[in-house]
Amino acid sequence: MTPGSERPAASRLMVAGNWKMNTTVEEGVALARAVATTVSTAARVDVAVLPPFTHLWAVHAALQGSDVRLGAQDVYWKDSGAFTGEISAAMLAGWCDLTLVGHSERRHIFGERDDEVGRKFVASLAHGLGVILAVGETSDERDEGNTFDVVDRQLDAVFAELAGPPAVDAWVIAYEPVWAIGTGRTATPEQAQEVVAHIKQHVRSRFPDGSPRVLYGGSVTAANAASLFAQADIDGALVGGVSLRAEEFGVIVAAAEAAAGSRGAA
Ligand code: 13P
């Protein structure tokens, strides 16, 4: 196993399902209900679903009485105004639990800059929302040996937007190598562990008093989840395609629950 980041591993893992631009509202409500039923016994895992914006309110209602958290796939940093098509953290605050910012599809398809991701991160926290910050390198960047530089740059751009002392323990960062997203080409547990440990060390070099949870994302399946969660620093998963299938998503949550149990016992 790759050396760990020398911090006790988080004993509470997180598994979040990023549905991306999939499902109708009706299908999404049914999926949310199925997820809530399937994961109802997971006590040591924070489970979240991230439906499209159109579904959030209906899924919020469908999740009442369950522990499954509700997240938005993106957010804008201004509270209100002439920003056609955008949704603000102020609009989500109070009923939505978290946002996802910096997903590689936002960065690479929609041209989001690192500093914009930072503003979204800060706006989410300012409105009391949890936030998952996604970072990760492309295949070319990895081949050129620049993986650490790329994730450091993406993290530093977010840190530059922070005002005031950060609550680092509440942060969730997702390491999602672009080459592993939707490709079936999962990072090996050792590759994922290496970068996740680096991310924790990089955060600690800036903020010595806190430790974020760091998830892995990129072709996570029921078959490979347990080996990823067995790594010292991987605190859960951000799941794309498989999160659209409640039963298989439930197997990933169960693997996280088992890993949390053995970390707690260690
Ligand atoms: P896949 O699990 O489909 O590879 O997607 C990962 C992802 O992008 C989650 O945000």
Which one of LYS78, LYS200, LYS120 has the biggest mean-square fluctuation once the chain is modelled by GNM with Cα springs under 10 Å? LYS78
Taking the beta-carbon count within 10 Å as an exposure proxy, list TYR216, TYR76 from fewest neighbours to most. TYR76, TYR216
Return the ratio Rg/(2.2 N^0.38 Å) for region 1-114, where Rg is computed over Cα atoms only. 1.20
Formal net charge of residues neighbouring ALA42 (Cβ-Cβ distance under 13 Å; K, R +1; D, E -1): 0
Pick out, from GLY65, ALA42, ILE109, the residue whose Cα sits farthest towards the positive end of the charge dipole of the chain, with +1 on the Cβ of Lys and Arg and -1 on the Cβ of Asp and Glu. GLY65
Distance histogram in 10 Å bins (all Cα pairs of region 55-106, percent per bin): 22, 50, 25, 2
For the chain, restrict the atom set to alpha-carbon positions and state the Rg and Dmax in Å. 17.1, 52
Percent relative contact order for region 73-151, counting Cα pairs under 8 Å at least six residues apart, stands at 31 percent
Per-residue ellipticity at 222 nm for the chain, helices alone: DSSP H runs ≥ 4 residues times -39500 (n - 2.57), over residue total, nearest 500 deg cm²/dmol? -11500 deg cm²/dmol
Can you compute 3J(HN,Hα) from phi for each residue in region 131-142, using the Karplus curve 6.51 cos²θ - 1.76 cosθ + 1.60 with θ = phi - 60°, rounded to whole Hz and x for Gly and Pro? 8, 10, 9, 9, 9, x, 9, 7, 4, 5, 4, 5
Tell me which residues come under 5 Å, amide H to amide H, from VAL47 once H is placed; ignore anything under 5 positions away on its chain. VAL15, ARG69
Total formal charge among the other residues, if their Cβ is under 14 angstrom from that of ALA160, Lys/Arg +1 and Asp/Glu -1: -1
Using each residue's phi in region 38-47, evaluate 6.51 cos²θ - 1.76 cosθ + 1.60 at θ = phi - 60° and report the 3J(HN,Hα) Karplus result to the nearest Hz, with x for Gly and Pro. 5, 9, 4, 9, 6, 9, 10, 10, 7, 10
Could you list SER227, SER104 so that the one with the fewest beta carbons within 10 Å of its beta carbon is first and the one with the most is last? SER227, SER104
Percent relative contact order for region 195-266, counting Cα pairs under 8 Å at least six residues apart, stands at 29 percent
Expected vector for region 160-167, Karplus 3J(HN,Hα) from phi with 6.51, -1.76, 1.60 and θ = phi - 60°, integer Hz, x for Gly and Pro, equals 5, 8, 6, 10, x, x, x, 8
At 0.36 nm per residue, minus the direct Cα-Cα distance, what do ARG113 and SER66 gain on full extension? Give it in nm, one decimal, please. 13.4 nm
Let me know the volume per residue of the alpha-carbon convex hull for region 23-84, in Å³. 101 Å³
Placed amide H near GLY217: partners under 5 Å, 5+ positions off or other chain: TYR175, GLU176, LEU238
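Taken together, the values in this text are just the output of simple stated rules run on the coordinates, not laboratory data. As the structure is a computational prediction, the values presented were derived from the model and not from experiment. For neighbour counting, all protein chains shown are included, and Cβ atoms are generated from backbone atoms with ideal geometry for every residue, glycine included.
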